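Working notes for the structure below.
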Amino acid sequence: MPVLSSLSRSFSAQLCAALLGLASAAMPTGAALAQAAYPAKPIRLIVPFPPGGGTDMIARTVAQKLADQNKWNVIVDNRPGAGGNLGVDAAAKSPADGYTLVMGQTSNLAINPTLYPKLPYDPLKDLVPVALVSSSPIVMAAPANSPFKTFADVVAASKGKPDALTLGYSGNGTVAHLAGELAENAAGIQLRHIPYKGAAQAMTDLVGGQIDLYMSSVPTLLGQVRNGKLKVLAITSAKRSSQLPDVPTLAESGYKGFEAVTWFGILAPAGTPAPIVAQLNKAINAALLQPEVADKLRSEGGDVLGGSAEQFGQLLRAEVPRWARIVKDSGASLD
């Protein structure tokens, strides 16, 4: 996924250039007046998942810095349900005035349009991208006492032995599930899938050896890796994680071009005035440049992104059909 990878590699340079360009660009009088009047009341940032999770942490970190730097009142509004669809739909149907935003991600913007047959919103038509925030790779983990040290070991143990090893993940159709499917297809192996309703029970079973392998985002597993209860065999991003620098990527393991990550970005209802989108994009990029924000996101295993609204739109237009193909090929369903 070259758009996401290039954003991550050149984050600081791109943002500095973008901020300088925004600061120096002359705007039409009407647009300038619209920006000067905005915001005149609190901004609501919808998080389509419960408090305390990874999406919520990212949203609150950015919202707090936006408030601190700009003297804005940014209110985080958790609207969980239906795999993130309820919160995104609420944002899509809100007035397009810049006072309602949503923290979207790969699942509810790129995967769910195919996974859910009657999705109440179209991410490409009903929302306008504002700014990418961060991305988090998926990792394949095993118990600390597992005989497997690398993904190659898993492949060797599984070749010609369908369902010999078990692979857990939280929820059918999630990025973790589909990343596992992609890895199996690339390696020509078949694992026995064990979907969980949440990470808590899955982690207990993995540490206890009830399942052989588990696919999840870096933040979910990082604590157990650091305390020595789990080990990570491979990572699905295009480059290694700063929090797991010794873990090779699947691309490095012989599967060229392999990349499957969860990305997070802020969007607004379609029709939100372009000057307001530009103002929000500038403010979000400035927040992401602050060391305390970047350090917080990286400490949880994420990569800081940022960039222009146009770059986010380009990524979204590429990701929706890409994940549609993956969902259809995997046979993933909500059952």
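The values are calculated or read from the model by the stated rules, or taken from the named source; none is laboratory data. Fair warning: this is a prediction, and the values are worked out from it, not measured in the lab. Every residue, glycine among them, receives a Cβ derived from its backbone with ideal geometry; neighbour counts consider all protein chains shown. Areas reflect the complete protein model, heavy atoms only, side chains present, ligands, DNA and RNA absent. Shrake-Rupley method; radii C 1.70, N 1.55, O 1.52, S 1.80 Å.
Among what's in segment 172-207 and is among the polar types (S, T, N, Q) and either over 23 Å from Phe258 (Cα atoms) or touching a Pro at 6+ places or on another chain (Cβ under 6 Å) (or both), pick the residue that is surrounded by the fewest Cβ atoms within 10 Å (Cβ to Cβ). Can you show your working first?
Quick first cut of segment 172-207, residues among the polar types (S, T, N, Q) only: 172, 174, 185, 190, 201, 204.
Remaining after also requiring either over 23 Å from Phe258 (Cα atoms) or touching a Pro at 6+ places or on another chain (Cβ under 6 Å) (or both): 172, 190, 201, 204.
Details: Asn172: 17, Gln190: 17, Gln201: 13, Thr204: 11.
In this case the residue turns out to be Thr204.
Residue by residue, here is whether (1) open to solvent by 50 Å² or more (accessible area, probe 1.4 Å); (2) not charged (D, E, K, R) holds:
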site: Arg226; (1), (2): yes, no
site: Glu252; (1), (2): yes, no
site: Phe264; (1), (2): no, yes
site: Ala270; (1), (2): no, yes
site: Leu305; (1), (2): no, yes
site: Gln314; (1), (2): yes, yes
site: Glu319; (1), (2): no, no
site: Ile326; (1), (2): no, yes
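Could you look through segment 28-57, keep only residues that are under 30 Å from Gly198 (Cβ atoms), hydrophobic (A, V, I, L, M, F, W, C) and open to solvent by less than 10 Å² (accessible area, probe 1.4 Å), and pick out the one that is modelled with the lowest pLDDT? Before the answer, list the steps.
Initial filter on segment 28-57 (under 30 Å from Gly198 (Cβ atoms)): 44-57.
Narrowing the set further to residues that are hydrophobic (A, V, I, L, M, F, W, C) leaves 45-47, 49, 57.
Subsequent filtering for residues that are open to solvent by less than 10 Å² (accessible area, probe 1.4 Å) retains 45-47.
Numbers: Leu45: 98, Ile46: 98, Val47: 95.
So the residue we want is Val47.
Which numbered condition in (1) in contact with a helix residue (DSSP H, G or I) (Cβ under 7 Å, 6 or more places away or on another chain); (2) at pLDDT 95 or above; (3) open to solvent by less than 30 Å² (accessible area, probe 1.4 Å) is the only one that Thr166 fails?
(1)
Is at least one residue of segment 101-120 closer than 24 Å to Thr236 by Cβ, open to solvent by 50 Å² or more (accessible area, probe 1.4 Å) and of a type in the set (D, E, K, R)?
Filtering segment 101-120 for residues closer than 24 Å to Thr236 by Cβ gives 103-116.
Now restrict to residues that are open to solvent by 50 Å² or more (accessible area, probe 1.4 Å): 116.
Subsequent filtering for residues that are of a type in the set (D, E, K, R) retains none.
No: segment 101-120 contains no residue that is closer than 24 Å to Thr236 by Cβ, open to solvent by 50 Å² or more (accessible area, probe 1.4 Å) and of a type in the set (D, E, K, R).
Cβ contacts < 6 Å: first residue closer than 23 Å to Val155 by Cα, restricted to segment 190-201; second residue modelled with pLDDT of 85 or more and surrounded by fewer than 13 Cβ atoms within 10 Å (Cβ to Cβ), any location; separation 6+ or different chain. Result?
Close Cβ pairs satisfying both conditions: Gln190/Pro162; Arg192/Asp163.
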